[in-house]
Amino acid sequence: MIKVQQKPCLQCGGVMTKVGSHSQKYWDERRKYCSFSCRNKARLWTNEMRMKGGLARSAGRNGLWKGGISKKYIQRFILKRDNSTCKKCGLQHDLIMVVDHIKPRRVSPELKYHPDNLQTLCPNCHAIKTLEDHKLYPQRWRNQFSKV
């Protein structure tokens, strides 16, 4: 006669039945919960564990980290600073204004998010300035500024 081993789950109290593939050592020592959801419910998260988990995914260790500055935040700041007014022609409109770099990013990447290097332009002035930038700072070859 086969002996069926059973024991209660520590979280929900449901009855667990030993599966034939489980070793006796695993069943006796490690098997405490009937499912992953019960195991996760029973896990107690301390403040230290939360801090450690948060620090592991913050700052330079996250691939999406941009130095604590978001692009949308900078754009809103520049538009508010300039009252949504074009610096070249003086057109004032909230919805169509574009935030543009005075010195292009490929020429000075260190000034990418610096407020002194950003200005508000209307789409027409932005297109004209982009053409002027291409004439002033020609791109010699495709990866001219890449790191070797």
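The values are calculated or read from the model by the stated rules, or taken from the named source; none is laboratory data. Bear in mind the structure is a predicted one, so any value in this text is a computation, not a measurement. Glycine also receives a Cβ, built like all others from the backbone with ideal geometry; neighbour counts cover every protein chain displayed.
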Problem set entry | Extreme residue, surrounded by the fewest Cβ atoms within 10 Å (Cβ to Cβ), among residues of the range 83-111 that are within 24 Å of the chain's Cα centre (by Cα) and of a type in the set (Asp, Glu) | GLU110
Seminar exercise, completed: When the range 63-82 is checked residue by residue, the ones that are surrounded by 10 or more Cβ atoms within 10 Å (Cβ to Cβ) and modelled with pLDDT under 70 are TRP65, LYS66
Exercise. Among the residues of the range 95-128, how many are part of a helix (DSSP H, G or I), aliphatic (A, V, I, L, M) and either at pLDDT 95 or above or farther than 16 Å from LYS71 by Cβ (or both)?
Worked result: 2
Seminar exercise, completed: If we ask which residues in the range 97-108 are in contact (Cβ under 8 Å) with a residue 12 or more places away in the chain and over 17 Å from TYR73 (Cα atoms), their number turns out to be 5
Seminar exercise, completed: The condition from (1) in a helix (DSSP H, G or I); (2) within 31 Å of the chain's Cα centre (by Cα); (3) among the hydrophobic types (A, V, I, L, M, F, W, C) that LEU131 misses is numbered (2)
Seminar exercise, completed: Residue hits (the range 75-91; of a type in the set (Val, Ile, Thr) and over 13 Å from LEU118 (Cβ atoms)) are THR85
Exercise. Which condition breaks for LEU131 when tested against (1) exposed (fewer than 11 other Cβ atoms within 10 Å of the Cβ); (2) touching a Phe, Trp or Tyr at 6+ places or on another chain (Cβ under 6 Å); (3) of a type in the set (A, V, I, L, M, F, W, C)?
Worked result: (2)
Problem set entry | Failed criterion for CYS89 (all others in (1) assigned to a helix (DSSP H, G or I); (2) touching a residue at least 24 places away in the same chain (Cβ under 8 Å); (3) of a type in the set (A, V, I, L, M, F, W, C) hold) | (1)
